[in-house]
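Below is one structure, written out as structure tokens; the observations come after it.
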Amino acid sequence: MVTYIIRRLIGAVVMLGIVSMVTFAIFFLVPQLAGATPEGMASRYVGRTATGEIAKLAAERLGFNDPLVVQYGRYVKGIVVGAEYDYGAGVEYCPPPCLGYSFITQQPVFPDLMNRLPVTLSLALGAAVLWVGLGVGIGVLSALRRGSVFDRTAMIIALAGVSLPIFFTALIALQIFSYGNPFSFAAQGGTYTTIQDSLPLWAYALLLPWVTLAFQFAAGYARLTRAGMLETMNEDYIRTARAKGLKERRVVVKHGLRGALTPIITIFGLDFGLLIGGAVLTESAFSLNGLGKYAIQAITDQDLPKVMGVTLLAALFVVVANLIVDLLYAVVDPRVRLS
Amino acid sequence: MTFLELKDLKVHFPTDDGLVKSVDGLSFSLERGKTLGIVGESGSGKSVTSLGILGLHKGGRAKISGEIWLDGEELVSATPEHVRRLRGKKMAMIFQDPLSAMHPYYTVGDQIMEAYRIHHNVSKSVARKHAIDMLGRVGIPTPGKRVDDYPHLFSGGMRQRAMIAMALSCDPELLIADEPTTALDVTVQAQILDLMRELQAEFNSALIIITHDLGVVAELSDDILVMYGGKCIEYGAAEDIFYRPEHPYTWGLLGSMPRLDRERTERLLPIKGSPPSLINVPDGCAFHPRCPYADRTEGKSNTEVPALLETEGGHMVRCHMAKTERRTLWENEIKPVLETQ
């Protein structure tokens, strides 16, 4: 078990290494293939009026003249042992994990990410509670009343939920519940308050994003749960549970749902890991300053340290979520052996 | 008063293709401490009968009529909640394949404890002690350790023992075993049958054994009921069925029973054809398309459903042939062939 976890963690580090190399390579090699020079790339970060001389200095300072391998090595070294950063008017020490300084704002990236993470985490956690509760609940009821009006309605809505893109449902939701009509009760975009400042305001601001995000996910979970329940409720062990004299509710929850849980946990781990790396569309639609919006900004600014930071963090979440899912397998299904 | 009595039990399933008459007018009775073997091919209605007694048919799908009297209570008309309270406590069931019949995600001990705690308001530790005790009684070595194992860590025979422990955990007065040994090795089969016989004597419960294996019922049964196409076609004491069978189908079953004392080169005598579809049950006697003697009844077998009539001392047969003719056939043609085989 311990060796299994250690092996998986080493695998995770290798994975992150590959992700970072690929991101790095795309950032530098693709412009160079199109004929960009180090000065040309650096000139983006020194302002429009800068002369060629200043661009050259900037390229030198950012290390663009070094071979790519050296640049990459410097970046990795920063993550492991920290780095000294020369921002022109002095030298600053950036403690590990140093993800570099923004080319544009000159601010270190790591604290930025840590500031943004709680927003995305708040969004993902609240939505996850909603979508798992709703999705699994509706899925179970649908399976038990297969073919009923409830089942059909739920599955049509679920199909809509899976199909409709979030930038569409988010705008509709904002229009109906946030902006100027009698039903408007939800907070408007951009009113996010941290949970430390005010729990009610935090929840109020996130209510609509939660519901919108959960709608999309709940749909998939309802379908998944329904399919799983239809299968397990036909198992022999369900008949055994009934033969013992168990109440039907207990048969369904303790025996049926328990048997159908494995795929739901898998998908949930992956979905959640992906989501806390940045819910790009939802954050943009509701003006939430989370990791997703940060990533978008980083990409439009061509700000490599930010892009690298947000990519690595997202990749880390996915890798860790995968590991947790695999470990959970062994907890959920005693027949699974980790090796 | 009889302990268990079925009167004209019918379990029908309406389907898109027509009405499936899985059990069509079944009656029998059983006393405490006695064993009834129900024998028949797949699809003859054996398992549907047992699930019907336990009230395990989903209310919406199956149409159940007739009467099931258990210890003075009628179960067909009782509320599902009332029958649920009897399930597991007053009547319990042992299923065919213990690997799929036990939940793979819970320990054997948990599953036995659950069965016990539904009907007894006791703490977990008391229930656990009871579970260990039950596992010991069904012959599982070191039950204190095995109680925390998952079903997949048990061997097939051990699993069936655990299943029996689960079924017996509330001292049921009626125990139904549906093909209890089919999924097991032959050597283990004998052990399980011995165990069931011992436990039945100990608990003095009424036992119904459902099987297609005449060897199993020969081991255990006081009475035997032979089912075909959802109906009882022969019923009697075990000696009647084995030594004086009168229905051609029972003869066929006896002829297709492998025996160790026979030469290996000799062939079994299988029954020709296959069991009838329960939607389009043949007119007349359901067995007539496969019956070698159907031509001896002046066509009655093809048109008229024969009645279940008593021939002698509680021995009932559903056949159009005259009693004397059946007995002559058995004595002169069937028995000598079965014996020389």
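The values are calculated or read from the model by the stated rules, or taken from the named source; none is laboratory data. Only a predicted model underlies this, so the values are computations on that prediction, with no experimental measurement involved. Positions of Cβ are backbone-derived with ideal geometry, glycine not excepted, and every protein chain shown enters the neighbour counts.
When we screen A:S142, A:S102 for residues that are in contact with a helix residue (DSSP H, G or I) (Cβ under 7 Å, 6 or more places away or on another chain), within 22 Å of A:G309 (Cα to Cα) and crowded, with 17+ Cβ neighbours inside 10 Å, the only hit is A:S102. Here A:I324 fits the description: in a helix (DSSP H, G or I), more than 14 Å from chain B (Cβ to nearest Cβ), β-branched (V, I, T) and surrounded by fewer than 20 Cβ atoms within 10 Å (Cβ to Cβ). Within the range A:59-82, if we keep just the residues that are surrounded by 15 or more Cβ atoms within 10 Å (Cβ to Cβ) and small (G, A, S), the residue that is modelled with the highest pLDDT turns out to be A:G78.
Residue check: B:I94 meets all listed conditions (1) buried (at least 18 other Cβ atoms within 10 Å of the Cβ); (2) aliphatic (A, V, I, L, M); (3) within 13 Å of chain A (Cβ to nearest Cβ); (4) farther than 27 Å from B:L30 by Cβ but one, namely (4). Looking at this structure, is B:S169 among the polar types (S, T, N, Q), surrounded by 17 or more Cβ atoms within 10 Å (Cβ to Cβ) and in contact with a strand residue (DSSP E or B) (Cβ under 6 Å, 6 or more places away or on another chain)? No: the conditions fail for B:S169. For the range B:284-341, a residue qualifies if it is touching a Lys or Arg at 6+ places or on another chain (Cβ under 6 Å) and among the hydroxyl-bearing types (S, T, Y), and exactly one does: B:T311.
Determine if the range B:185-201 includes at least one residue that is assigned to a helix (DSSP H, G or I) and of a type in the set (S, T, Y). I'd like the intermediate steps shown before the answer.
Step one: list which residues in the range B:185-201 are assigned to a helix (DSSP H, G or I), which gives B:186-201.
Checking which are of a type in the set (S, T, Y) leaves us with B:187.
Yes, the range B:185-201 contains a residue that is assigned to a helix (DSSP H, G or I) and of a type in the set (S, T, Y).
Restricting the first member to the range A:248-270 and to residues that are under 18 Å from B:D110 (Cβ atoms) and among the aliphatic types (A, V, I, L, M), and the second to residues that are modelled with pLDDT of 90 or more and in a helix (DSSP H, G or I), the beta-carbon pairs closer than 6 Å and six or more apart or on different chains are A:V251/A:A241; A:V251/A:R242. Scanning the range A:284-321 for residues being assigned to a helix (DSSP H, G or I) and among the polar types (S, T, N, Q) gives a total of 4. When A:V132 is tested against the conditions (1) surrounded by fewer than 13 Cβ atoms within 10 Å (Cβ to Cβ); (2) of a type outside the set (K, R); (3) in a helix (DSSP H, G or I), the lone failure is (1).
Determine whether A:I18 is free of Cβ contacts under 8 Å to residues at least 40 places away in the same chain, exposed (fewer than 15 other Cβ atoms within 10 Å of the Cβ) and out of contact with any Pro (no Cβ under 6 Å at 6 or more places or on another chain). Here the answer is yes, as A:I18 does meet what is asked. For the range B:180-190, state whether one or more residues are touching a strand residue (DSSP E or B) at 6+ places or on another chain (Cβ under 8 Å), surrounded by 20 or more Cβ atoms within 10 Å (Cβ to Cβ) and away from chain A (no Cβ under 14 Å). Checked the range B:180-190: at least one residue is touching a strand residue (DSSP E or B) at 6+ places or on another chain (Cβ under 8 Å), surrounded by 20 or more Cβ atoms within 10 Å (Cβ to Cβ) and away from chain A (no Cβ under 14 Å). Out of A:V76, A:V91, A:V30, A:V13, one residue alone is of a type in the set (A, V, I, L, M, F, W, C), under 24 Å from the mean Cα position of the chain (by Cα) and within 24 Å of A:T105 (Cβ to Cβ). It is A:V76. Can we say A:D66 is acidic (D, E) and either within 30 Å of A:L270 (Cα to Cα) or in contact (Cβ under 8 Å) with a residue 24 or more places away in the chain (or both)? The answer is no for A:D66.
Looking at (1) more than 30 Å from B:V83 (Cα to Cα); (2) assigned to a helix (DSSP H, G or I); (3) away from chain B (no Cβ under 14 Å), can you tell me which one A:A227 breaks? Of (1) more than 30 Å from B:V83 (Cα to Cα); (2) assigned to a helix (DSSP H, G or I); (3) away from chain B (no Cβ under 14 Å), only one is false for A:A227: (1).
Only one of the numbered conditions (1) exposed (fewer than 13 other Cβ atoms within 10 Å of the Cβ); (2) outside any loop (DSSP other than H, G, I, E, B) is not met by A:A89, and that is (2).
For the range A:165-201, the candidate set comprises residues that are part of a helix (DSSP H, G or I) and buried (at least 19 other Cβ atoms within 10 Å of the Cβ); within that set, the residue that is nearest to the chain's Cα centre (by Cα) is A:I166.
May I ask you to verify whether A:I26 is of a type in the set (V, I, T), under 30 Å from A:L327 (Cα atoms) and without any contact (Cβ under 8 Å) to a residue 12 or more places away in the chain? Here the answer is no, as A:I26 does not meet what is asked. Put simply, of A:A203, A:A298 the only residue that is at negative phi, modelled with pLDDT under 90 and more than 14 Å from chain B (Cβ to nearest Cβ) is A:A203. When A:V253 is tested against the conditions (1) at pLDDT below 90; (2) surrounded by fewer than 16 Cβ atoms within 10 Å (Cβ to Cβ); (3) farther than 30 Å from A:Y179 by Cβ, the lone failure is (1). Would you point out the residue of the range B:113-149, among those that are in contact with a Leu (Cβ under 7 Å, 6 or more places away or on another chain) and of a type outside the set (D, E, K, R), that is farthest from the other protein chains (Cβ to nearest Cβ)? Restricting to residues being in contact with a Leu (Cβ under 7 Å, 6 or more places away or on another chain) and of a type outside the set (D, E, K, R), the top hit is B:G139. A single entry from A:L246, A:L281 fulfils the requirement of being over 24 Å from A:L323 (Cβ atoms) and assigned to a loop (DSSP other than H, G, I, E, B): A:L246.
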